[in-house]
Structures are given as C-alpha cells and as structure tokens.
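Written below as structure tokens is the structure these notes are about.
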Amino acid sequence: MKVLSARLTLFYLIFVISYSALADSSKSPAENWQSLSISEMLELADEVRSSNSELSNKIINHLQQQKLNDQQQSKLTYLQAYQFTFLSDYDSAITLLNQLTSSAINTDLKLRSYYTLLNLYTAMQNWQAGIEQLTHSVELSQHVNNKDYIIAYYLSAANFYNQLGQYQLALDSISGLKSQNTSARNLCIITLHQLQAELRIYLSSDEKNNPTASHLATQIPRGVEICKTAKANMLTNIIRTYQAELALSKKDTKQAISSLLPFLEEILKTQYPVLITLSYNLLAQAYWQQGDISNSEKYALLALENSELVSETQQTVATFKLLFQLAEHNGNYKKAFELHKEYSLAKQKVNDEEQAKELAFQLASQKDFANKTEIKTLTRANDILTNEQSLNEQQQENSLLLLLLLLTVVGLGVTWGYKTWLSQQKLKQLTEFDDLTQAHSRRHFIALAQQIINQCQIERKPLTCLVFDLDRFKKINDNFGHHTGDAVLKEVANTCKQVCRPTDILGRLGGEEFAIILPYCELLMGEDLANRCREKIAQIDYKKLGLIEPITASFGITCTDVSGFELNKLLADADDAMYSAKQHGRNCVQAYK
C-alpha cells in the first residue's frame, strides 16, 4: 500500500498539472445532457471529466450503447482510458491509449493520447516507455494547432524530464511557453517546472556562488506570487520549498524557516504527502543547522510518520540521516546504528533508482542515434533508386552490373569485418576477463576501478573496496590437486557474482585473491555485502567438489572516507585489513582502521 499510495498521489499531481491547460475552458455541466447531440455529449464529458467525474461517467456509459462514427468512437475511447486512470487500472488505460496513438485520425486526439501515456509512465516510473512516447510524439506536436493541447504536451514533457533528472531537457521543453498568451494557472505550472529544473541544476553544481544563485533568489519569490495569483495553493507551497532549499544551501536557516513555518497549516491542508514530508524535512534540517535539537527532532519525527504514505525517495533518505544524527547527538548509539542501517538501505535504493533512470536515458539516446543513422542510410538508398529511374535501359543494365559488383565487395567486406569482430571479441575476452573464473583480469579490473573511483570523486559519492583471500587454499592444491583448486576458484567467483550488484566490479588479483569495488556504497553496506559473500562461500557444496571440509574466505574492507580516492591506497588498506582477518581466526570480515 505504501508504494501504491505514493504512485496514486504522484499521478494525481501530474494530472492536475498536465491537464490544467484545458481547465479554463470547462463549462458548468448541463443538467439536460441527454437532449444533446452525440458530439455535444462527448464535448461535455471531456470538459467535466475532472471537475464532475460522475457526470462524465454517466455520459460515457450512455454513449457506449450508441452508434458512433469513427471520430466519435476515438473520442469516447480516450475518455474511457481517462476513466480507467482514476480507477488505477493503468494497464487498461495504456491499452486503449496505445490503440489511439496508432489509429486515431484526429491529430489533436492522438497528441492528447501521447501525453496522457507520458503522464502514466511518469507516475509508474517507467522511464524507458516514457522516453519512447516522447520520441514518437515530438514530430506530431508540430502539426497540432490547438494551443492548449500543445501547452499540455510540453508541460507533460517537462514534468517527465524533471522526474527523470534530465533538468536541461525539462528547461528546453518549456523554453518557449512563457511567451505564450496562456492562463494564470498555466503560467504558474510553467514557472514551477522551470524553477524546479534550475534549482536542481544549481544544487548539483560545485560552484554555489555562480549567477544562478542570485537569479533563483529573485525568480522563486516571483514564482510564489504568480501561483498565488492563480490561486494554486499546492503549487505555491511547492515553490516555497524551493525557497527553503535555496536558503539551506546558503546556510540561511532563518530564511529557510520563514519560507515554510508560517504556511505549514496551508501545506497540511493540501494533503499531498510528498510536499508535507519535504516541508517537515526542510524545517528539521534548518533547526539542526541552528542547533535547535528539540525542534529538529520534532519535525524529523513528523517527516518519518508522514513518509509512511510515500515510497523511498530522497526525502526518506534525508529523514533517516537526520534521525540517526540526532540519536548519535543524544548518545543513543544503539538507536543511531539502527537508523543508520535504515538510512543506508533507503539511500542505496534511491541510488539504484537514479542509476536506472540514467541507464534508461542512455539506452534511449543510443537507440535514437541508431534510428537516425538508419534513416540517413535509407534516405541515401532512396536517392540512389530515384536517380537510377532517370537512366536509360543501357545505364540501368550497367548500374545493375555495378550493383552486383558492389554487393559482392560489400559481402566480402562484411564477411571480413565479421571475422575481424569475432577475433576482437575473443581477444577482448582474453584480455578483460580471467580465463578461469571469468572475473575481471587484474589489468582490466584496475582500469575499471580507476574510472569508477574518479567518477565517485567528481560526484562526491562514497565508494567501498573489498579484498578477500581463500583460507588455506594451498592445502587444497597440495592435497587434492590443481584441478580441484581451479574448480573451487570458479565456484567462489560465481558465488560472489550472484551476491554483488550489477554496478559492482569483481576482479581476480592473482592466485586465490580477489577484490570487489562497490561504487556509491558506504562502509556499513560494504560490510553487509562482504558478510553475505563470506556466508555464501561457506555454504558452497564442498563435498561435490571433492573436498572434506567447507571453503572459507577472509575479507578486508575499507572506504574512500577512510582511505581516500587513490586506488593503490584503497587496495593496500583493504589488504592489510584482510591479513588482520586472517590473524583473527579467518572466515571473518575486518574493516581497516
């Protein structure tokens, strides 16, 4: 229920924002709607679908029994899809909307179907599908004349990109909308998306004194006034949280508190959990910076209580971080440890989601590039065919011979290229992976590790390094032979791969010694993963391998907070900790101190 509630709440907000472009044209519902024509009924059902869903549903149910032409049926299908979204039946809504994007005659309706799908995919956090919708619909948007639908489309795109973390693309989506002659509410929403994107870009920058700071300090209060004029209370208060975040980034705690505290009752009336949790968190952080422990704890606990209504987000991470700091400050170290575990788990989940967003975006970008390349190739081929049609018969025969010759050359080239590619793949496999265990070879492991360490250092993210060694491995080789030893190494490597995350890097340093680099991972989580690897290794069916006692390994661990961002230092410190584990009886995990 926790995740479902969050999605429904997010979905509600997205629809309020995206469809408000059409809200100003709504008319009061007609009491004698049954006397209207079919087209008039469809228009009425569309106009009141949000403000009076009961009447809209009555009209939809009535029209399902009527004989409609193709255009009327398409409009009814869209309204049915919209109806399904409010029933949380997303699958049925998506099915109907996909039918419309491929078959609707009316371009306006087709564009509405696209941006409704985009809103759904944003709510469901289906980033790959959302990117595909944008790719397919961007050209269609150039052929739609209805200004309201165009605004709604670009607002949906901006919201999607902001949720995806592609803030510059969000700004690009709404770059021309402010110049449009639109409603006060739409201007409020455009401003909200713009400020959100600009603030996120600013907060992620290392330069906190750049001109963006003064720009935001001027534009955020202006955005509050724009939304107050539009009487959009929830959106006004969302912008107020931007004001508080900006103030906290500049250590101006008084400004942060005054941005939210006087409006807290108004914020609570919105009943929007994400906004309420964010407000509590920002107040808690402001009081923490002031040294006001009592108020900081008060609002952090309120944020924790309210966060039960939302899934793990940056707000959950912020709440647990502050609570474990408060517990540590109060000397309750047992509670601080438990809260730190919750913080680490929530942070890892958020990091995984962020990586999934980035991966979806990168995959879509690569696919878009491939599609454009294919289109260029097809265009060139079409030009060649067009030119060939203008030649006389003799020229066509010569062209055919030339084409056959070209195909022969291309065929030989493709065959040679494929064989070369196979050779390169085999060479790559030999140089990048250990032939026995299929873990990364030492050289390739070091290259990959250095890249991810540099990335974490630039992003100021944590990283943990593990080094482990199989206990008494020489005894296995001496007593059972190298064939058995090789089988043990392969089984251990496969076991660790199953425990590691997709982003972790496992390498064989030599002999029975391995290392794992854990990007975006703090020491506490690294210790947990090391212990899971250690336990799984001990659970390997040693009898099946021909051994008479279990396989064990000793682990050493360190992190960038302790050893810094130099790979040699990380490996050396983890190695020292591993030898300490050997001295403590083996089959254990030791952290470098």
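The values are calculated or read from the model by the stated rules, or taken from the named source; none is laboratory data. Given the structure is predicted, the values throughout are model-derived calculations rather than measurements. Note: ideal-geometry Cβ built from the backbone for every residue, glycine included; neighbour counts use all protein chains shown. For the accessible areas, the whole protein counts, side chains as well, though only heavy atoms, and no ligand, DNA or RNA atoms are used. Shrake-Rupley method; radii C 1.70, N 1.55, O 1.52, S 1.80 Å.
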Open item on the list: Here's a check for you: in the stretch 124-134, which residue that is surrounded by fewer than 22 Cβ atoms within 10 Å (Cβ to Cβ) and under 12 Å from the mean Cα position of the chain (by Cα) is nearest to Phe86 (Cα to Cα)?
Closed with: Met124
Open item on the list: Yes or no: the stretch 25-42 includes at least one residue that is of a type in the set (A, V, I, L, M) and under 23 Å from Val144 (Cβ atoms).
Closed with: yes
- [ ] Could you tell me whether the stretch 451-467 includes any residue that is charged (D, E, K, R), under 26 Å from Lys569 (Cα atoms) and crowded, with 19+ Cβ neighbours inside 10 Å?
- [x] no
Task: Sole exception among (1) modelled with pLDDT of 85 or more; (2) closer than 30 Å to Asn98 by Cβ for Glu139, by number - done: (1)
Task: Scope the stretch 247-286; condition over 27 Å from the mean Cα position of the chain (by Cα), among the polar types (S, T, N, Q) and surrounded by fewer than 19 Cβ atoms within 10 Å (Cβ to Cβ); matching residues - done: Gln255, Ser258
Task: Output for the stretch 139-194, where each listed residue is among the hydroxyl-bearing types (Ser, Thr, Tyr) and part of a helix (DSSP H, G or I) - done: Ser141, Tyr149, Tyr153, Tyr154, Ser156, Tyr161, Tyr167, Ser173, Thr191
Open item on the list: Filter the stretch 102-128 down to the residues that are of a type in the set (Gly, Ala, Ser) and in contact (Cβ under 8 Å) with a residue 12 or more places away in the chain and list them by number.
Closed with: Ser103, Ala104, Ser113, Ala123
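Among the candidates Lys474, Lys497, single out the residue that is out of contact with any Cys (no Cβ under 7 Å at 6 or more places or on another chain), among the basic types (Lys, Arg) and either open to solvent by less than 70 Å² (accessible area, probe 1.4 Å) or closer than 21 Å to Arg586 by Cα (or both).
On the way: Lys497 fails: either open to solvent by less than 70 Å² (accessible area, probe 1.4 Å) or closer than 21 Å to Arg586 by Cα (or both).
Only one candidate passes the filter, namely Lys474.
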Open item on the list: Let me spell it out: the conditions are (1) closer than 25 Å to Gln271 by Cβ; (2) open to solvent by 10 Å² or more (accessible area, probe 1.4 Å), and Tyr149 meets all of them except one. Which number is the exception?
Closed with: (1)
- [ ] Could you run through the stretch 258-279 and say how many residues are in contact (Cβ under 8 Å) with a residue 40 or more places away in the chain and over 11 Å from Asn237 (Cα atoms)?
- [x] 3
Open item on the list: Here is a check on your reading of the model: is Leu509 modelled with pLDDT under 95, in a helix (DSSP H, G or I) and open to solvent by less than 50 Å² (accessible area, probe 1.4 Å)?
Closed with: no
Task: First in the stretch 577-593 and at positive phi and surrounded by fewer than 21 Cβ atoms within 10 Å (Cβ to Cβ), second anywhere and part of a helix (DSSP H, G or I) and not charged (D, E, K, R), Cβ under 9 Å, 6 or more apart - done: Asn587/Ile537; Asn587/Ala538; Asn587/Ala581
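Listed here are the residues, each with its yes/no results for (1) touching a Pro at 6+ places or on another chain (Cβ under 9 Å); (2) farther than 24 Å from Trp288 by Cβ; (3) modelled with pLDDT of 90 or more; (4) assigned to a helix (DSSP H, G or I).
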| site | (1), (2), (3), (4) |
| --- | --- |
| Ile226 | no, yes, yes, yes |
| Leu235 | no, yes, yes, yes |
| Ile238 | no, no, yes, yes |
| Ala244 | no, no, yes, yes |
| Ala247 | no, no, yes, yes |
| Lys254 | no, no, yes, yes |
| Ser259 | no, no, yes, yes |
| Phe263 | no, no, yes, yes |
| Gln271 | no, yes, no, no |
Task: Residue that is at pLDDT below 95 and crowded, with 22+ Cβ neighbours inside 10 Å, where the choices are Cys521, Cys559, Cys533 - done: Cys521
Task: Where Arg534 falls short, out of the listed (1) assigned to a helix (DSSP H, G or I); (2) within 12 Å of Val467 (Cβ to Cβ); (3) of a type in the set (Lys, Arg) - done: (2)
Task: Conditions (1) under 33 Å from the mean Cα position of the chain (by Cα); (2) modelled with pLDDT of 95 or more; (3) open to solvent by 10 Å² or more (accessible area, probe 1.4 Å); number of the one not met by Asn568 - done: (2)
